[in-house]
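The values are calculated or read from the model by the stated rules, or taken from the named source; none is laboratory data. Source: prediction; values computed, not measured. Ideal geometry is used to build each Cβ from the backbone, glycine not excepted, and the neighbour counts take in all protein chains shown.
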Amino acid sequence: MSLGPPSIGDHAAIGDCRSLALVSRHGSIDWFCTPVFSAPSVFGALLDAERGGHYLLAPPAHTLLSVPQQQYEPGSNVLRTTYTCAGGTVEALDFMPVAEAGASSDERVPQQLIRSLRCTGGEVELAGRLQPRPAYAARQVAWRALHPQAWRCDADGFSLSFCSTLPFRAEGQDLVASSRMREGERHVSLIQAPAATRINVAALATDVEERLASTLAWWRAWCGRCTYRGPHAGDVVRSALTLKLLTYRPSGAVVAAATTSIPEGPDGRRNWDYRYCWLRDTSLVLHAFVDLGYVGESDAFLRWLLHATRSTGDRLQVVYDVHGEPLLAEHVVGSLAGYHGIGPVRIGNAASGQVQHDVYGEVLLTACEHARAGGMLDPGEKQLLARLAHRICAIWRQPDQGIWEVRLPPRHNTHSKLMCWAGLDRALWLHDRHGVPLDRAHVARERELLRADIDASGFDASLDSYVGVYGTQWADASLLLIPRLGYLPARDPRVLGTVQRIFRELSVKGLLYRYPPDQGYDGVSGEEHLFAICNFWAVDCLVRQGRVDEALRMYERLLSLRNHVGLYAEEFRVENGTPMGNFPQAFSHVGLITAALALGQAMGVARAGAA
């Protein structure tokens with residue numbers, strides 16, 4: 001078989017809840033940053049197949065009889081790949097060991113990428129190439145042999161060690177190997193960063209078995225805490241596992257995605273770095289976790305939020321890094337050509353300087369769900385939540401950039417106003433039930449003034465629909481959230497009209513854009529794609545309107561657009577459903593969980609009624 005440049009949809013993700021690696025179907029680790037998600041890449045072939053660097057130890061492509069088959073070990077993020085070759089078969093396991101509980105908050109614990117191969121029949125060729133390219137391929141590496149089966153490389157403060165039961169040899173900046181495997185034989189390899197100070201080659205195989213067992217046990221114990229037992233439970237658990245992969249365990253932050261600059265269009269104008277913690281995305285993730293029984297994750301997030309806002313106070317920033325740092329200067333990296341040659345490769349994100357008022361509401365909604373699920377709020381958290389509610393009162397009349405982070409002057413986005421309303425609504429609940437110290441009369445009055453403003457300026461009676469931006473007639477799929485937020489019942493005539501218009505204006509082949517693709521909504525001309533989470537919001541909204549059969553058909557179609565191991569990017573290409581944008585995308589997997597929970601509740605009620 002011939003192999004072209006790696007495609008985003010051909011990858012699976014493994015990780016240790018501090019960083020994440022992407023493994024192609026053909027066994028190449030094409031993306032890995034260490035020690036955190038947003039650190040410079042060590043393997044970056046995803047963004048430049050020639051210069052980015054990768055790690056491969058697998059049967060050569062020309063020996064394969066079919067596309068290798070990938071799947072996760074049940075209840076885990078341990079990846080199994082099966083190769084069927086002309087002479088036999090090989091199975092590979094890829095994983096990153098998760099730090100033990102006592103070490104989970106210690107960022108100095110080394111990170112490991114482990115591959116274990118076993119020949120399950122016949123005799124097959126093996127080929128290996130390890131080519132680390134640190135700092136987005138901007139640094140040279142030099143290898144030093146520690147043992148015939150152990151190596152170390154260093155590059156300006158970066159270090160990496162490699163140990164394998166299969167001997168490798170140096171070839172410039174790479175390590176290479178070739179061999180044959182017979183039935184029953186096994187080879188293991190371990191990459192560690194920073195480099196190990198001591199390597200016990202003789203114990204490598206045994207150590208790998210122990211780490212595999214402990215990693216499987218850790219993931220399965222985490223899965224065992226999930227309380228969801230409804231329809232599509234397997235899909236929900238896979239998305240929950242993906243969201244956990246995107247969680248930075250030492251702090252509780254959740255990154256929007258694991259990659260940077262995977263194009264949202266053909267020209268690279270929407271190439272962004274998503275390896276940071278958007279408060280909106282994290283709040284939605286934690287809301288989903290709470291719904292699935294993971295209250296501890298929301299505890300960790302609220303603690304992280306207190307830490308992250310120490311310098312910004314009640315003025316929430318849109319996005320922070322996983323340590324809570326607010327400064328994410330955006331720049332272009334010239335050492336990588338870009339995904340399939342579509343640059344630029346951007347590092348950092350200028351959205352950190354935007355004003356997006358909806359994040360205040362998202363945080364208050366998350367705190368409310370946390371408390372409703374039995375989570376505790378300490379005095380510091382209550383004070384912060386009160387400050388956020390009063391901040392909404394002060395800013396809701398002002399324009400902002402909104403949920404879609406449009407890089408245009410601020411405007412009055414209806415979704416932002418709705419989220420501010422929902423934030424005040426939940427703040428009042430938190431005051432009444434949990435003693436969050438508000439000026440209750442003031443907050444209640446502002447909530448009603450905000451509703452009046454939304455209904456006067458965000459609803460167009462001539463269209464029988466709410467609009468995305470005050471003073472325009474643009475449809476916006478974020479308005480599908482109106483019933484979920486509790487702003488209006490799902491069958492209110494204004495909601496019915498809005499949903500009908502969204503499907504009329506934004507639907508193509510039965511799936512939705514997030515906003516009109518050709519009317520200048522974001523100031524960027526060019527191709528736009530179908531937006532995953534908007535379609536899941538539509539499923540949730542249809543369920544709330546009692547259109548369960550329609551919702552189920554849409555949900556099952558969306559399931560068919562996942563990649564071969566159940567992962568989503570941010571968008572789908574209109575023509576053929578192929579993934580577009582950064583990957584795996586937290587937003588999309590949150591949407592799947594939200595939609596499944598809505599369907600499960602509706603179908604459960606139907607069964608109970610029939611019984």
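Out of the residues in the stretch 342-360 that are of a type in the set (A, V, I, L, M) and in a helix (DSSP H, G or I), which is farthest from Asp522 (Cα to Cα)?
Of the stretch 342-360, the ones of a type in the set (A, V, I, L, M) are 342, 345, 347, 350-351, 355, 359.
Those left that are additionally in a helix (DSSP H, G or I): 350-351, 359.
Details: Ala350: 15, Ala351: 14, Val359: 19 Å.
So, considering only residues that are of a type in the set (A, V, I, L, M) and in a helix (DSSP H, G or I), the one farthest from Asp522 (Cα to Cα) is Val359.
Please identify the pairs in which a residue from the stretch 140-157 that is charged (D, E, K, R) has its Cβ atom under 7 Å from the Cβ atom of a residue that is assigned to a strand (DSSP E or B) and surrounded by 13 or more Cβ atoms within 10 Å (Cβ to Cβ), counting only partners at least 6 apart or on another chain.
Arg144/Trp151; Arg144/Arg152; Arg152/Leu146; Arg152/Ser159; Arg152/Ser161
Restricting attention to the stretch 366-381, which residues are under 17 Å from Asp425 (Cβ atoms) and charged (D, E, K, R)?
Glu369, Arg372
Name the pairs: first residue in the stretch 291-309 and over 15 Å from Glu325 (Cα atoms), second residue of a type in the set (S, T, N, Q) and surrounded by fewer than 18 Cβ atoms within 10 Å (Cβ to Cβ), Cβ to Cβ under 9 Å, at least 6 apart or on different chains?
Pairs that qualify, where the first residue is over 15 Å from Glu325 (Cα atoms) and the partner is of a type in the set (S, T, N, Q) and surrounded by fewer than 18 Cβ atoms within 10 Å (Cβ to Cβ), are Asp291/Thr227; Leu292/Thr227; Gly293/Thr227; Tyr294/Thr227.
Out of Pro5, Pro74, report the one residue that is over 22 Å from Ala257 (Cβ atoms) and part of a loop (DSSP other than H, G, I, E, B). Spell out the reasoning first.
Details: Pro5 fails: over 22 Å from Ala257 (Cβ atoms).
Just one listed residue meets the conditions, Pro74.
Arg315 passes all but one of (1) buried (at least 24 other Cβ atoms within 10 Å of the Cβ); (2) out of contact with any strand residue (DSSP E or B) (no Cβ under 9 Å at 6 or more places or on another chain); (3) of a type in the set (D, E, K, R); which number fails?
So Arg315 meets the others, but not (1).
Checking the conditions here, which among Leu408, Leu438, Leu449, Leu418 is touching a residue at least 12 places away in the same chain (Cβ under 8 Å), in a helix (DSSP H, G or I) and among the aliphatic types (A, V, I, L, M)?
Leu418
Within the stretch 226-264, which residues are at pLDDT below 95 and among the basic types (Lys, Arg)?
Arg229, Arg249
Could you list, in sequence order, all residues of the stretch 316-341 that are in a strand (DSSP E or B) and either at pLDDT below 90 or over 16 Å from Val355 (Cβ atoms) (or both)? Reasoning before the result, please.
Here is the first cut: in the stretch 316-341, the residues in a strand (DSSP E or B) are 319-320, 331-333, 339.
Matches in the stretch 316-341: His331, Val332, Val333, Tyr339.
Please go through the stretch 361-400 and pick out each residue that is modelled with pLDDT under 95 and either assigned to a loop (DSSP other than H, G, I, E, B) or hydroxyl-bearing (Ser, Thr, Tyr) (or both).
Thr366, Ala373, Gly374, Gly375, Met376, Leu377, Asp378
Thr89 passes all but one of (1) part of a strand (DSSP E or B); (2) modelled with pLDDT under 95; (3) hydroxyl-bearing (Ser, Thr, Tyr); which number fails?
Unmet for Thr89, out of (1) part of a strand (DSSP E or B); (2) modelled with pLDDT under 95; (3) hydroxyl-bearing (Ser, Thr, Tyr): (2).
If we only count strands (runs of 3 or more DSSP E) wholly inside the stretch 139-252, which ones have 3 or more residues that are surrounded by fewer than 17 Cβ atoms within 10 Å (Cβ to Cβ) and not assigned by TED's automatic domain parsing to the domain that holds Arg562? Steps first, answer last, please.
Values: elements: 142-147, 150-155, 158-164, 169-171, 174-182, 186-193.
The qualifying strands (runs of 3 or more DSSP E) are 142-147, 169-171, 174-182.
Within the stretch 296-308, does at least one residue satisfy the condition of being closer than 21 Å to Ile403 by Cα and not hydrophobic (A, V, I, L, M, F, W, C)?
No, every residue in the stretch 296-308 fails to be closer than 21 Å to Ile403 by Cα and not hydrophobic (A, V, I, L, M, F, W, C).
Is it the case that Pro493 is under 23 Å from Leu284 (Cα atoms), at pLDDT 95 or above, of a type outside the set (Gly, Ala, Ser) and surrounded by fewer than 17 Cβ atoms within 10 Å (Cβ to Cβ)?
Values: under 23 Å from Leu284 (Cα atoms): no; at pLDDT 95 or above: yes; of a type outside the set (Gly, Ala, Ser): yes; surrounded by fewer than 17 Cβ atoms within 10 Å (Cβ to Cβ): yes.
Criteria not met by Pro493.
Is it fair to say His357 is over 26 Å from the mean Cα position of the chain (by Cα) and within 30 Å of His331 (Cα to Cα)? I'd like the intermediate steps shown before the answer.
Details: over 26 Å from the mean Cα position of the chain (by Cα): no; within 30 Å of His331 (Cα to Cα): yes.
When the stated conditions are applied, His357 does not pass them.
For Leu567, all conditions in the list (1) touching a residue at least 40 places away in the same chain (Cβ under 8 Å); (2) of a type outside the set (Ser, Thr, Tyr); (3) over 14 Å from Ala12 (Cβ atoms); (4) not in a helix (DSSP H, G or I) hold save one; what is the number of the exception?
Of (1) touching a residue at least 40 places away in the same chain (Cβ under 8 Å); (2) of a type outside the set (Ser, Thr, Tyr); (3) over 14 Å from Ala12 (Cβ atoms); (4) not in a helix (DSSP H, G or I), only one is false for Leu567: (3).
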